[in-house]
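A quick write-up on the structure given underneath.
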Amino acid sequence: MLTFTLRRLNLFIFTIFLLTLLSFSLSFLFPGEQLINISGQINATPEQLIILAEQYQSHNNIFQQYFTYVNHLFSGDLGISMASQLSISSEIISVLPATIELTLVALFIAMVLGIPVGFLAAINHRKATDNIILSISMIGYSIPVFWLGLLAILIFSIQLGWLPSAGRISLLFEIEHVTGIQFIDILISESPYKWQAFMDASAHIFLPACVIALAPATIFVRLARTAMMDVLDSQYIRAAKSKGLSFSQIIYHHAIRNAMVHVIRDVGLQFANLVTIAMVTEVIFSWPGIGRWLIESIFQRDHTAILGGLLALSSFIFIVHIITDFIYAALNPLARDSRHGT
Amino acid sequence: MSILAVKQHLLRIILLPFLCLISACNTDNDESLSNHSIVYCSEGSPESFNPQTVTSGTTIDATSNQIYNRLISFRGDKNTIAPSLAKSWHTTRDGKMITFYLRKDVAFHTTNYFTPTRFFNADDVLFSFNRILIPEHPFHQVSGGKYPFFQSVSFSNVVKSIEKINDYTIRFKFKYADSSILANIASDFSVILSKEYADSLVKKNIKREIDTLPIGTGPFKLKKYRPGAYIRYATHQQYWDKPSTLEQLIFDITPSNTGRLTKLLAGECDVIAFPIAHEKINSKPELELEAVTSFNVGYLGFNTLKPPFDNVKVRQAVALAVNKQAIIDTVYQSKADMAHSLLPATSWAYNKSTLPQTYDVSEAKRLMTEAGFPNGFTMNLWALPVQRAYNPDAVTTAKLIQADLKKIGISVLIESSLDMGSFLEQLSKGEHQSVLLGWSADHPDPDNFFTPLLSCSSAESGNNRTFWCNEDFDDLIQQALQTTNVTQRKEFYSQALTLISQEVPLIPIAHSKRFQARNDSVKGELLSPFGGIDFSKVSKN
């Protein structure tokens, strides 16, 4: 397990290095002065610019500039937003938890929905159920998310009036921002309307999370179906069958656990896809997350925010990736010794 | 377990969490917070929390009637002036002095940024008005030193001084009598601030917070404001008038008009500003669409100095030939009332007996012949280049008028290529023959329609785009200003209106309406024909 951890740590450091290198080069490639792109100080006086140049070592060679930049990053200084003139790190801290919350709920829905359906399809391999599930998942995968989001608002918010169409929680409830994860904040708040707020937040997250979950869920259906079919085809299942175990014993005690292991491995990969979908969905549902914030920054040509947002978002995706790797390794001892990174 | 049982089990696992979620979403109880709160979807962020310093409707909506009170206010259908922070007042016979007797036991807001130690008194009135009047006042220059409404009514020219007689009596002295002064003091802009709060800000050296973290005497106090997102107000429990039955009032700032509509339909907003898709709202039984005719007027004005419109018969002929109903149906899409006079019907000075202009082409032709233009002439018509509440599309209006006037032989050239700045500049030089323009009133005093639009003095300054200067008319509106007797004033104004409809310096076309949509659980008056929205008398059930 130690070698596995070290290997993952190695990969993490290398990826972070590449990411910072990319964002550092982008600060040169974006239009405008590099120093201003990197610091966001658009209204700086000449005196302030001299101090800034000193801070970012602009007069030194490019390597030193890069190391100063990384130093700034690790001390939490991502510059200030060109649009709002607020510190990027504080803005990211206020928007990133909303995205984490939304994507985790969406991931949960996708898994809870997709994996059992996939197993169901595998058990009914080449039967009507299998075909129906496959066709539906194909259709689900092909629906563009922005269209689905609008359609969901039209049906569930406007026509039926069941679910709200915008935001994280109704403005009625005053929940203090402590962790940023709305559900935790509600539970630790002292509001007498805690339970109402909780229900309201659940109603708000339901529609966007389902919209995000649809495409990954269809992928999970297919992954789970393949994994289950492989497992059912394997020698030890045959051995179990010949020992006289019942079908349900085989499925619950042997097949599901072993099939899950393969699915978990791909969850990390799907997560990047999920975050991309979430960015579009956040705009449609006015969800105050990092995706919407980043897209607004792009509209406003807020280069500093784009750089900081990219770094934060890709580190987040990468961290989730590594966590799923660890879960996979914990579930499957074989993976710990595999020679290649997945 | 059989295969079937496994399948059923798996299905149950899939569906269970969703069933739980959906069923839980529908559990409503009576003690729900939404029964004590109103969410109003407004169209934009306020620029300031002090209406003295602005004219924008968005800011007035968010602040005037929610956070503050005025000395006196407008009440009822006819907008007569009623007591507010002043429980009574007395005007001297010459109209040059007004004494206000103030209410006692009026509490200012207690918030997490300020705790008042005393009740409202004359010092607060003195502070609030002196801030505007005296350029050397420590707070005059805070927030830029601009008081646009007060500058537009030349408040500092009218008011000579304000004196504190005792803690609950204050006297305004004026340089000359002006009966619209009470309307100015009752307008949404003339709010009363807290002097004690201002003093505490001076001590902390954060004077500009007076306009960003407001303290007033109004029914709601500011709890939290996030620009571009929301304003949260809490009820002012010690409100001197009846405190609101609500617990909180929230302005959900939603600039997109489809966004506001969606939130209304999805039940996220109780009230929305400036709704679109009126048919959709009307088709829902739980939603109500309401409209009030605003204090504004869109008109067709003639340059009475230039031929042929120096001839009153030609002006009368054009007035008869314009089909106003068609303009209201097409341009305003019936979201306006036809204007029968310069004043909207909701003004107290409106007189039904004033002759409305009718649509009569043959009479118009007869007048044209009488005026010496049996074969018509060619004229230019300047159309306002921007969209305004009083005329949403001046170019289309111009085209409709063009078609109407063709019937009596007049060919119209439409001029609409200028930008707003040069348009107004060339108008004030009198380069036009006729123009489509309008006026939005700042307060309901009828004088606000007459003096700025048609008096000789504004003809000189170029604000009177018709350059019509009639001494009889000027006498009438001056006399109306010098008396405070409402019956007399009404008589003067109705004579003035008759004079306008005889002389036709302009043709009033429409008074547009302000719309608002709400859920029917929200009860109470919200809109008045002028000024901002008012949540003080609103409740929810």
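Where a number appears in this text, it was derived from the coordinates with a stated rule and is not lab data. Worth saying up front: this structure is predicted, and the values here are computed from it rather than measured. Please note: Cβ atoms are built from the backbone with ideal geometry, for glycine as well, and neighbour counts cover all protein chains shown.
With a ≥ b ≥ c the root eigenvalues of the C-alpha gyration tensor of the protein assembly as shown, is it rounded (a/c under 1.5), prolate (a/b larger than b/c) or oblate? Please list the in-between numbers first.
Working: a/c = 2.24, a/b = 1.93, b/c = 1.16.
Prolate is the answer for the protein assembly as shown, as a/c is 1.5 or above and a/b outweighs b/c.
Mind checking which aspartates and glutamates have their C-alpha under 20 Å from B:Lys263, skipping anything on the same chain fewer than 8 residues away?
Answer for B:Lys263, where 20 Å is the Cα cut-off: A:Glu174, A:Asp200, A:Glu282, B:Asp28, B:Glu43, B:Asp61, B:Asp252, B:Glu279, B:Glu286, B:Glu288, B:Glu290, B:Asp520, listed by chain and number.
Per-residue Cβ counts within 10 Å, from other chains only, averaged over B:156-162: what number is that? Could you put the intermediate results ahead of the total?
Values: counts 0, 0, 0, 0, 0, 0, 0.
Taking all residues of B:156-162 together, the mean is 0.
Tell me, what is the FRET efficiency for B:Gln141 and B:Ser256 to the nearest 0.05, using R0 = 45 angstrom and their Cβ-Cβ distance as r? Walk me through the numbers before you get to the answer.
On the way: r = 36 Å, r/R0 = 0.81.
Result of the calculation: an efficiency of 0.80.
For the protein assembly as shown, what is the charge dipole size about the Cα centre, in debye to the nearest 20, if Lys and Arg each add +1 at the Cβ and Asp and Glu each add -1 at the Cβ?
On the way: 72 positive and 74 negative charges, 381 e Å.
My answer is approximately 1840 debye.
Taking +1 at the Cβ of each Lys and Arg and -1 at the Cβ of each Asp and Glu, which of B:Leu526, A:Leu311, A:Leu2 sits farthest along the dipole of the protein assembly as shown towards its positive end, judged by Cα position relative to the Cα centre?
It is A:Leu2, whose Cα lies furthest towards the positive end.
For A:Ala201, what charge total do you get from the other residues with a beta carbon under 12 Å from its beta carbon, if Lys and Arg give +1 and Asp and Glu give -1?
On the way: positive: A:Arg168, A:Lys194; negative: A:Glu101, A:Asp185, A:Asp200.
Computed value for this residue: -1.
What order, most packed first, do the peptides B:500-513, A:18-31 have when packing is the mean number of other Cβ atoms within 10 Å of each residue?
The most tightly packed comes first, giving B:500-513, A:18-31.
Would you work out which of B:Val538, B:Ala229, B:Gln479 lies farthest towards the positive end of the dipole of chain B, given +1 charges on the beta-carbon of Lys and Arg and -1 on that of Asp and Glu, about the Cα centre?
B:Ala229
Can you give me the C-alpha center-to-center distance between the range A:123-137 and the range A:52-103, rounded to a whole angstrom?
49
Only four residue types carry charge here, +1 at the Cβ of Lys and Arg and -1 at the Cβ of Asp and Glu. Report the dipole size of the range B:191-335 about the Cα centre in Debye, rounded to the nearest 20. Each step should come with its number before you reach the end.
Numbers: 20 positive and 15 negative charges, 108 e Å.
Dipole magnitude for the range B:191-335 comes out near 520 debye.
Report the relative contact order of the range A:147-232, percent, no decimals, based on alpha-carbon pairs under 8 angstrom and at least 6 residues apart. If you can, show how the numbers build up before the last one.
Details: 51 pairs, mean separation 25.0, N = 86.
The normalised contact order for the range A:147-232 reaches 29 percent.
Cα gyration tensor of chain B, axes a ≥ b ≥ c as square roots of the eigenvalues: rounded (a/c below 1.5), prolate (a/b > b/c) or oblate? Don't jump to the answer; show the numbers that get you there.
On the way: a/c = 2.39, a/b = 1.26, b/c = 1.89.
Cα axes put chain B in the oblate bin.
In the protein assembly as shown, with Lys and Arg counted as +1 and Asp and Glu as -1 at Cβ, which of these residues, B:Asn184, B:Asn311, B:Leu287, has the Cα nearest the positive end of the dipole, that is, farthest along it?
B:Leu287
If the only charges are +1 at each Lys and Arg Cβ and -1 at each Asp and Glu Cβ, what is the size of the charge dipole of chain B around the Cα centre, to the nearest 20 debye? Could the numbers behind the result be given before it?
Details: 55 positive and 54 negative charges, 174 e Å.
Here the size comes out at about 840 debye.
In the neighborhood of B:Ser411, defined by Cβ-to-Cβ distances under 14 Å, what is the net charge if each Lys or Arg adds +1 and each Asp or Glu adds -1? Please list the in-between numbers first.
Numbers: positive: B:Lys399, B:Lys406, B:Lys407; negative: B:Asp404, B:Glu415.
Net of charged neighbours comes to +1.
Students often forget the sequence filter, so: which aspartates and glutamates lie under 20 Å Cα-Cα from B:Lys352 once same-chain residues fewer than 8 apart are removed?
Cα-Cα hits under 20 Å: B:Asp77, B:Asp337, B:Asp445, B:Asp447, B:Glu491, B:Glu503.
Show the residues, 5+ positions off or on another chain, whose built amide H is closer than 5 Å to the amide H of A:Ile80.
Those qualifying (amide H under 5 Å, at least 5 residues apart or on another chain) are A:Gly40, A:Gln41, A:Ile88.
When we measure straight from the Cα of B:Lys96, which aspartates and glutamates land under 12 angstrom away, once same-chain ones fewer than 8 places off are left out?
Of all the aspartates and glutamates, those that pass the test against B:Lys96 - Cα under 12 Å, at least 8 places apart if same chain - are B:Asp178.
Students often check this: by mean Cβ neighbours within 10 Å, which of A:153-164, B:522-533 ranks highest, and how do the rest follow? Please list the in-between numbers first.
Numbers: A:153-164: 16.9, B:522-533: 19.4.
Averaged packing, sorted descending, gives the order B:522-533, A:153-164.
What is the local net charge at B:Asn282, summed over the other residues whose Cβ is closer than 14 Å to its Cβ (Lys, Arg +1; Asp, Glu -1)? Intermediate values should be presented prior to the final figure.
On the way: positive: B:Lys280, B:Lys284, B:Lys335, B:Arg518; negative: B:Glu279, B:Glu286, B:Glu288, B:Glu290, B:Asp520.
For residues surrounding B:Asn282, the net value is -1.
So what J values fall out for the range A:204-213 if you push phi through Karplus, 6.51 cos²θ - 1.76 cosθ + 1.60 with θ = phi - 60°, rounded to Hz, Gly and Pro as x?
Here the 3J(HN,Hα) series is 5, 7, 4, 5, x, 5, 5, 4, 5, 5 Hz.
Classify the range A:270-322 from the C-alpha gyration tensor, please: rounded if a/c falls under 1.5, else prolate or oblate depending on whether a/b exceeds b/c.
Working: a/c = 2.70, a/b = 1.25, b/c = 2.17.
The shape class here is oblate.
Expressed as a whole number of Å, what is the distance separating the alpha-carbon centroids of the range B:231-303 and the range B:40-86?
Centre-to-centre distance over Cα atoms comes out at 15 Å.
How big is the gap, in Å, between the Cα center of the range B:421-439 and the Cα center of the range A:298-316?
49
Contact order normalised by length for the range A:227-342, with contacts defined as Cα pairs under 8 Å and 6 or more residues apart; what percent is it?
Values: 69 pairs, mean separation 28.8, N = 116.
Computed value for the range A:227-342: 25 percent relative contact order.
Output the pairs from B:Lys221/B:Lys242; B:Lys324/B:Lys399; B:Lys164/B:Lys195; B:Lys104/B:Lys195; B:Lys313/B:Lys406; B:Lys407/B:Lys513 with a Cα-Cα distance over 20 Å in this structure; if there are none, say none. Provide the component values of the computation, followed by the final result.
On the way: B:Lys221/B:Lys242 15 Å; B:Lys324/B:Lys399 13 Å; B:Lys164/B:Lys195 14 Å; B:Lys104/B:Lys195 16 Å; B:Lys313/B:Lys406 17 Å; B:Lys407/B:Lys513 30 Å.
Beyond 20 Å between Cα atoms: B:Lys407/B:Lys513.
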